[in-house]
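Readers should treat all values here as calculations from the given coordinates under stated rules, not as data from a laboratory. Since the model is a prediction, treat every value here as computed from it, not as a measurement. Ideal geometry is used to build each Cβ from the backbone, glycine not excepted, and the neighbour counts take in all protein chains shown.
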Amino acid sequence: MKLRIFSAFLAALFLLPTAWAGFVTYESAGSSPAAITSMRDDFRTAVGGGAVAGPNGSFGGLRREINWDGVPDALSDPNALPANFFNVNSPRGVVFNTPGTGFLVSANAGLATPTLFGFSNDFQTFSAQRLFTAVGSNIMDVLFFAPGTMTAATTSAFAAIFVDVEVAAQTKIEFFDENNSVIFSRDALVAGNQGLSFVGAVANAGERISRVRLTSGPNTLISNGVLGNPNDDIVVMDDFLYAEPLQSVPEPSSLALLALGLVGCLAGLRRRHHSI
Ligand SMILES: [Ca+2]
Ligand SMILES: [Ca+2]
Ligand SMILES: [Ca+2]
């Protein structure tokens, strides 16, 4: 009898879906935009939505992209980019966060502020003319919302282009699920001085990404032409691509847990009430 229960338990274990995410990685690196364009196109095809952008960086309702190039001068270097620009000014369902002091989009040519954050011998664009970086930190997070709202959302795919990755294992993307567990992590490929690195992944078994963390090399940009330290590899970013953020729907099991939690809270309140 005990053996039969144990066998049933084992069978149930094997019937459970694999807990770890399945992601298909898309990555390439090279010295020019042309070197990574075919990988970018493969990622676009995998996520869907075609190659022609509609309003607010929407591709066919299936994918969003941010190339930074349409950000106005008034919100570009030396002026900070608001963290919620791409959910308020141009609603694309993402809000940024960083332990640093903010975000900067590089200046266009012909203005008082030098282009490419003042490092024209290190950076180039994938999409001209603007690049993007966190300020005073090499770490930033992307949080997802139903575009134009504060309703939390998740995505199923994300990719970014890093600029000037010269040292291995210092630049990476990480995906977190709704329980704040890492479900995907990948180092960007080294592209050499002024090179471009494409790195991204697409969920292939229904996994949902709640947060993306981007780590851009070991150095930081403080302001135009000024680094956090003179020696380490500085890395910035260009295009972000991601599947349309969709509002999170709690699973039945989560709802049951929530109900249990409420019952627990009520019981706790009643006990507290009695003890007063
Ligand atoms: Ca460099
Ligand atoms: Ca750009
Ligand atoms: Ca570098």
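Return the residue satisfying two criteria in turn: it lies in the stretch 207-253 and is touching a residue at least 24 places away in the same chain (Cβ under 8 Å) and among the small types (Gly, Ala, Ser), and of such residues it is surrounded by the most Cβ atoms within 10 Å (Cβ to Cβ). Applying the filter and picking the extreme gives Ser216. Screening Gly192 with (1) within 13 Å of the chain's Cα centre (by Cα); (2) away from ligand 2 (no atom under 16 Å from the Cβ) gives one miss only, at (1). Within the stretch 31-44, residues that are free of Cβ contacts under 8 Å to residues at least 60 places away in the same chain sit with their Cβ atoms under 8 Å from residues that are hydroxyl-bearing (Ser, Thr, Tyr), at 6+ positions apart or across chains, in these pairs: Ser38/Ser28; Asp42/Tyr26. With respect to Thr101, determine if the residue is over 16 Å from the mean Cα position of the chain (by Cα), more than 16 Å from ligand 2 (Cβ to nearest atom) and either farther than 25 Å from Ala53 by Cβ or touching a residue at least 40 places away in the same chain (Cβ under 8 Å) (or both). Spelling it out, Thr101 is indeed over 16 Å from the mean Cα position of the chain (by Cα), more than 16 Å from ligand 2 (Cβ to nearest atom) and either farther than 25 Å from Ala53 by Cβ or touching a residue at least 40 places away in the same chain (Cβ under 8 Å) (or both). Looking only at residues in the stretch 183-205 that are among the small types (Gly, Ala, Ser) and assigned to a strand (DSSP E or B), the one that is farthest from Ala168 (Cα to Cα) is Ala203. Inside the stretch 42-95, residues that are surrounded by 15 or more Cβ atoms within 10 Å (Cβ to Cβ), hydroxyl-bearing (Ser, Thr, Tyr) and outside any loop (DSSP other than H, G, I, E, B) make up a count of 1.
Against the test of being touching a Lys or Arg at 6+ places or on another chain (Cβ under 8 Å) and under 29 Å from Pro72 (Cβ atoms), the options Ala134, Ala159 yield a single qualifying residue, Ala159.
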